[in-house]
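The values are calculated or read from the model by the stated rules, or taken from the named source; none is laboratory data. No experiment lies behind these values; they were computed from the predicted model shown. Note that we place each Cβ from the backbone using ideal geometry, even for glycine, and neighbour counts take in every protein chain shown. Accessible surface areas use protein heavy atoms only, side chains included; no ligands, DNA or RNA. Shrake-Rupley method; radii C 1.70, N 1.55, O 1.52, S 1.80 Å.
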Amino acid sequence: MSLPDLSSPNLRAAALLVGLLPLLGLGGCIESVRPLYGSGSFLANGAQAEKMQSVAVDEIAGRLGHYLGDDLKLNLNGTGAPTEPQYHLIITLAEGTETPLIDTVEGLATSATIVTTANFRLVPVGNGKVFVGKAYVAASYDRNINRFANVRAARDAEIRDARRLADEITTQVAAELATHS
């Protein structure tokens, strides 16, 4: 069996029409798609950027919470200008350490992974729909005999976790504010 001969102009036009027909259904969808970053995006729009700046980050417990809160404040309101909060971002953290590799001779872990889960709620100041989200990150580090090096490596992994969590939470909050603008 072979392909049909498309040398006839009518057959070529019909084949082109059949190939482009599914794209017509997507025409209405493309209009509502906006990029989150870049020119003409959600964050480049002044009113939308003001919405991001109006999110107040509530106090987060612990050292990891301190790093996460600072990164979120920078991501949401990088201007540093105080604004009247329209939303409160309430975050609870759960952190754990896993040791996937064990040295069989000494019986000590040779690496560790800090796993962090953030459950958060974006609560409007007035009455409104509460957005609930969750973000999960993990950062690994090498362990050795030096105890101070292990403590410092664990702290560096926590800081990496906080930065990645802040980026994930910021993206989810921005997407929520973009869909309910």
Could you grab me the full set of residues in segment 78-126 that are at pLDDT below 80, of a type in the set (Gly, Ala, Ser) and not in a loop (DSSP other than H, G, I, E, B)?
ALA109
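Test ALA139 against the criterion of being surrounded by 18 or more Cβ atoms within 10 Å (Cβ to Cβ), small (Gly, Ala, Ser) and over 12 Å from the mean Cα position of the chain (by Cα), and give yes or no. Working first, answer last.
Numbers: surrounded by 18 or more Cβ atoms within 10 Å (Cβ to Cβ): yes; small (Gly, Ala, Ser): yes; over 12 Å from the mean Cα position of the chain (by Cα): yes.
Against the criterion (surrounded by 18 or more Cβ atoms within 10 Å (Cβ to Cβ), small (Gly, Ala, Ser) and over 12 Å from the mean Cα position of the chain (by Cα)), ALA139 qualifies.
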Tally up the residues in segment 116-132 that are within 25 Å of GLY62 (Cα to Cα) and of a type in the set (Gly, Ala, Ser), please.
1
Hits in segment 83-133 (condition: of a type in the set (Lys, Arg) and loosely packed, with under 13 Cβ neighbours inside 10 Å)
LYS129
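Only one of ALA157, ALA162, ALA149 is among the hydrophobic types (A, V, I, L, M, F, W, C), under 27 Å from SER111 (Cα atoms) and open to solvent by 20 Å² or more (accessible area, probe 1.4 Å). Can you tell me which?
On the way: ALA157 fails: open to solvent by 20 Å² or more (accessible area, probe 1.4 Å); ALA162 fails: open to solvent by 20 Å² or more (accessible area, probe 1.4 Å).
Of the residues listed, the single one that is among the hydrophobic types (A, V, I, L, M, F, W, C), under 27 Å from SER111 (Cα atoms) and open to solvent by 20 Å² or more (accessible area, probe 1.4 Å) is ALA149.
Condition first: not in a helix (DSSP H, G or I) and not charged (D, E, K, R). Now tell me which residues in segment 50-75 satisfy that. Don't jump to the end; show me each part of the working.
Residues of segment 50-75 not in a helix (DSSP H, G or I): 54-61.
The answer is SER54, VAL55, ALA56, VAL57, ILE60, ALA61.
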Given (1) in contact with a strand residue (DSSP E or B) (Cβ under 6 Å, 6 or more places away or on another chain); (2) surrounded by 14 or more Cβ atoms within 10 Å (Cβ to Cβ); (3) free of Cβ contacts under 8 Å to residues at least 60 places away in the same chain, index of the condition LEU72 fails
(3)
Looking at segment 57-64, is at least one residue at pLDDT below 90, open to solvent by less than 90 Å² (accessible area, probe 1.4 Å) and farther than 19 Å from VAL173 by Cβ?
no
Which number in (1) aliphatic (A, V, I, L, M); (2) modelled with pLDDT under 80; (3) surrounded by 10 or more Cβ atoms within 10 Å (Cβ to Cβ); (4) not in a loop (DSSP other than H, G, I, E, B) marks the one condition that LEU36 misses?
(4)
If you check every pair at least six apart or on different chains, which have Cβ atoms under 9 Å apart with a residue in segment 161-181 that is more than 25 Å from GLU95 (Cα to Cα) and touching a residue at least 12 places away in the same chain (Cβ under 8 Å) first and a residue that is in a helix (DSSP H, G or I) and open to solvent by less than 30 Å² (accessible area, probe 1.4 Å) second?
LEU177/GLN48; LEU177/MET52; ALA178/GLN48; SER181/GLN48
Selection count, segment 69-115, where residues are polar (S, T, N, Q) and either within 23 Å of VAL57 (Cα to Cα) or touching a His at 6+ places or on another chain (Cβ under 9 Å) (or both)
6
